[in-house]
Amino acid sequence: MSPIFKDLANAIRFLSVDAVQKANSGHPGLPMGMADVATVLFKYYLRFNPKNPKWINRDRFILSAGHGSMLLYSLLYLTGYKSISIKDIQNFRKLNSVCAGHPEYDENSGIETTTGPLGQGLSNSVGMAIAEEIMKKKFGSSLINHKTYVVASDGDFMEGISHEAMSLAGHLKLKNLIVFFDNNKISIDGSTDLSVSDNYKKRFESYGWSFQEVNGHNEKEISKAIKKSLKSKKPNLISCKTIIGYGSPNKAGKSSSHGAALGDVEVELVRKKLKWQHKPFEIPKEILNEWKEIGEKGILQEKKWNQIYNKKSKKIKDELLRVINNKLPKNFEEIIQDQKKKFFHLKPNIASRQSSASVLERITSSLPELVGGSADLSGSNNTNTKYSIPIKHSNFKGNYLHYGVREHAMAGIMNGMALHKGIIPYGGTFLVFLDYCKPSLRMSALMGLKVIYIFSHDSIGLGEDGPTHQPIEHLTHLRAIPNLNVFRPADTIETLECWELALKNNNTPSVIALSRQKLPFVTETLTKQNMSGFGAYDIKKNGSSPEVTLIASGSEVQIAIEAFNKLKNHNINSKVVSMPCQELFNKQSEDYKNKILEKNSIKISIEASSITGWEKYVGQKGASIGMESFGKSAPIKDLYEHFNLTSNNIVELSKKMLGK
Ligand SMILES: Cc1ncc(C[n+]2csc(CCOP(=O)(O)OP(=O)(O)O)c2C)c(N)n1
């Protein structure tokens with residue numbers, strides 16, 4: 001006899017309860033509450049193939065409420081993903097277990113994104129749904145036609161990012177997005193009545209979503225709602241009235257089931273109440289078989305899709321494979337070299353944000369997978385070009401997203417597009433507004449995604465807008481994030497090189513910090529080699545053993561060069577190192593680093609930013625010129641004088657340090 005629906009759902013409940021009990025930490029409440037919804041989704045609707053977690057046209061399943069990770073691990077194990085065995089589940093939360101405390105993205109595991117910081121998964125799912133629409137337009141609806149399903153909790157919807165992301169999803173009418181709201185009215189502090197009284201129906205309808213409410217423990221109601229969503233012309237919220245910790249006699253409906261093991265005694269009581277007589281981690285054969293059959297349906301689904309794919313032209317097949325495997329077009333190298341020559345010939349004195357626009361203008365038409373955007377600062381970030389076509393709900397053929405003033409959602413959505421595959425997202429705002437998107441940027445780095453952040457107005461050099469708009473500590477913050485390349489190019493050539501590096505790195509996101517103000521062209525020689533790829537290199541050198549080494553980035557390289565010339569007049573041999581990327585420099589050989597940092601010279605760094613972090617390069621005997629306070633509102637020239645970011649200051653300091 002086939003196991004009844006409740007048995008399938010209870011298999012999730014008990015794997016979760018027992019794994020949390022064994023680890024003596026974790027969150028049993030959510031998996032117990034959402035097991036029925038997940039069972040309906042996986043049993044009847046979700047198109048996925050556990051044998052190939054990377055199948056491009058699979059439906060995506062995102063557990064935005066990442067604390068309920070055991071829900072996801074149970075589903076992946078039960079449906080037959082190789083990545084998660086019963087042993088892994090027994091090792092929940094142990095060192096190196098794939099079943100980590102919160103889901104950690106791995107494209108081979110079925111874990112579609114890293115979640116845990118509430119709200120991130122929701123914004124990722126919007127990015128995935130956008131990516132699906134864009135790719136559908138490009139490759140045709142016979143190849144790309146999947147859904148994005150999400151489980152989100154009260155906490156997800158309290159977070160600001162959810163408002164930004166859901167609003168944009170409504171605006172874009174992302175009909176293939178289906179979000180299950182685990183509406184259990186419980187969060188950590190107790191009842192959600194303590195802190196929220198939103199009318200979710202009105203909230204979502206005002207965004208332009210379709211809203212349905214169901215009993216989250218009623219198979220038929222859940223199924224009916226999903227069926228209706230599949231025909232919707234709008235994004236879908238299915239509010240599932242659930243009981244957190246469902247099945248626990250003493251903890252169901254209470255926050256005590258949210259984030260701690262239930263305890264041996266209570267676990268036994270749950271077993272009695274749900275009539276589950278099996279030992280921990282033991283799933284009866286017929287239940288496991290039925291779950292495996294649910295997973296096996298996907299083999300046929302993918303096979304059918306492969307038949308469609310195989311009938312496509314070679315051009316379409318190759319292009320789809322190229323973009324989903326993150327390979328740049330064959331002529332990319334040529335384009336970069338050609339543009340480099342052009343820049344070198346022209347030697348433009350333009351703001352690096354304009355240089356970035358020139359690079360984009362050159363590469364956009366050859367890189368159809370590039371999808372740009374800005375949080376309402378397109379003209380200032382110079383993120384759009386004459387080849388940028390806005391993406392609208394009526395036209396997903398475009399390559400440019402107007403995110404509106406939604407920096408946080410922009411970053412979360414870019415992560416979602418990169419996770420989906422097939423798209424290289426870049427997006428812009430002012431560097432100072434990093435603070436408004438940092439949680440998602442951190443996730444780009446943690447997941448190792450190719451996401452490119454264009455942060456213009458990168459210093460007090462932006463001038464009159466004043467200290468609210470002038471970044472000070474931001475580069476230091478960024479440089480402290482592991483697996484993130486922070487670029488700050490000095491001129492057009494370096495900007496091109498930094499873009500090249502960002503586009504070639506498939507596992508590390510990039511920030512390209514760009515100036516508002518004009519910068520002189522400083523590159524002395526045309527090289528095929530990407531000099532910025534060394535992180536730092538000599539841009540000027542006087543004599544074989546300089547007494548002073550000046551290290552600068554971006555807009556301050558010109559000041560260092562000015563100082564270099566003045567020092568020459570004082571008979572002091574110096575050199576200038578341009579350091580567009582500290583992270584790449586840190587990875588060079590000791591020999592290279594020693595050569596650039598000139599052991600026997602005194603070292604002075606100059607950057608219109610916090611000096612924190614520069615000690616590493618200038619050493620104890622060195623000095624750093626930078627910002628040690630907030631900026632001020634004034635014309636740029638006055639600001640650089642006021643804050644002593646001048647070549648005269650460098651010269652005086654050098655003389656003093658050399659005792660001359
Ligand atoms: C950004 C963020 N802030 C705080 C937390 C800590 N936290 C984890 S779950 C949670 C709220 C729990 O309530 P709910 O989202 O309703 O989940 P449920 O209790 O239903 O499982 C909080 C505050 C977090 N994970 N992410």
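Please report how far the C-alpha centroid of region 608-660 lies from that of region 152-217, rounded to the nearest whole angstrom. One Cα centre to the other: 49 Å.
The angle between the Cα long axis of helix 120-139 and the longest principal axis of the Cα atoms of the chain comes to about 90 degrees, rounded to the nearest 10.
For S153, the residues whose amide H sits under 5 Å from its own are A65, D182, ignoring neighbours fewer than 5 places away on the same chain, with H placed 1.01 Å from N.
For I606, the residues whose modelled amide H falls within less than 5 Å of its own, excluding neighbours fewer than 5 places apart on the same chain, are I551, A552, S553, I625. Rounded to the nearest 10 square angstrom, H402 shows an accessible area of 100 square angstrom against a 1.4 Å probe. Taking GluC sites (Glu not before Pro) across region 523-612, the ones in a DSSP loop with at most 14 further Cβ atoms lying within 10 angstrom of their Cβ are E524.
Taking a straight Cα-Cα cut-off under 15 Å and skipping sequence neighbours fewer than 8 places away in the same chain, the aspartates and glutamates within cross-link reach of K330 are D318, E319, D338, E369, E500.
For the set S388, S141, S256, the ranking by accessible area, highest first and with no ligand, DNA or RNA atoms included, is S141, S256, S388 under a 1.4 Å probe.
The order of T646, T148 by accessible area, most exposed first and with a 1.4 Å probe, is T646, T148.
What pairs from K201/K241; K43/K233; K341/K528; K54/K327; K51/K297 go past 18 Å between their alpha carbons? Pairs exceeding 18 Å: K43/K233. Only helical runs count toward this figure. For the chain, summing -39,500 (n - 2.57) over DSSP H runs of n ≥ 4 and dividing by all residues gives -12500 deg cm²/dmol at 222 nm. Extents of the chain, taken as max minus min of Cα coordinates on every principal axis and listed largest first, are 93, 56, 46 Å. Sorting D264, D7, D318 by solvent-accessible area of protein heavy atoms yields D264, D318, D7, largest first, with a 1.4 Å probe.
Within region 171-201, find all residues whose amide N lies under 19 Å from a label point positioned 7 Å from the Cα of I389 along Cα-to-beta-carbon. Correct set: 172-173. Phi angles of region 81-91 translate, via the Karplus equation with coefficients 6.51, -1.76, 1.60 and θ = phi - 60°, into HN-Hα couplings of 5, 5, 5, 10, 9, 5, 5, 4, 5, 5, 9 Hz per residue; Gly and Pro are given as x. Legend: Rg and Dmax of region 402-489, from Cα coordinates, 12.9, 41 Å. Annotation: amide H of A490 within the under-5 Å range of T495, G554, sequence separation 5 or more or interchain, hydrogens built in the peptide plane. Axis angle, to the nearest 10 degrees, between helix 5-23 and the longest C-alpha principal axis of the chain: 50 degrees. Working note: Cα atoms of region 162-243, range along each principal axis, descending, whole Å: 36, 32, 17. The angle between the Cα long axis of helix 29-40 and the longest principal axis of the Cα atoms of the chain comes to about 70 degrees, rounded to the nearest 10. Taking label positions 7 Å along the Cα-Cβ direction at both K311 and H278, the computed distance is 4.1 nm, reported to one decimal.
The Cα center of region 408-485 and the Cα center of region 98-146 differ in position by 20 Å.
The values are calculated or read from the model by the stated rules, or taken from the named source; none is laboratory data. A quick note: this is a predicted structure, and the numbers were derived from the prediction, not measured. Using ideal geometry, Cβ is built from the backbone for each residue, glycine included, and neighbour counts are taken over all protein chains shown. Note: accessible area is taken over every heavy atom of the protein model, side chains too, but ligands, DNA and RNA are not part of it. Shrake-Rupley method; radii C 1.70, N 1.55, O 1.52, S 1.80 Å.
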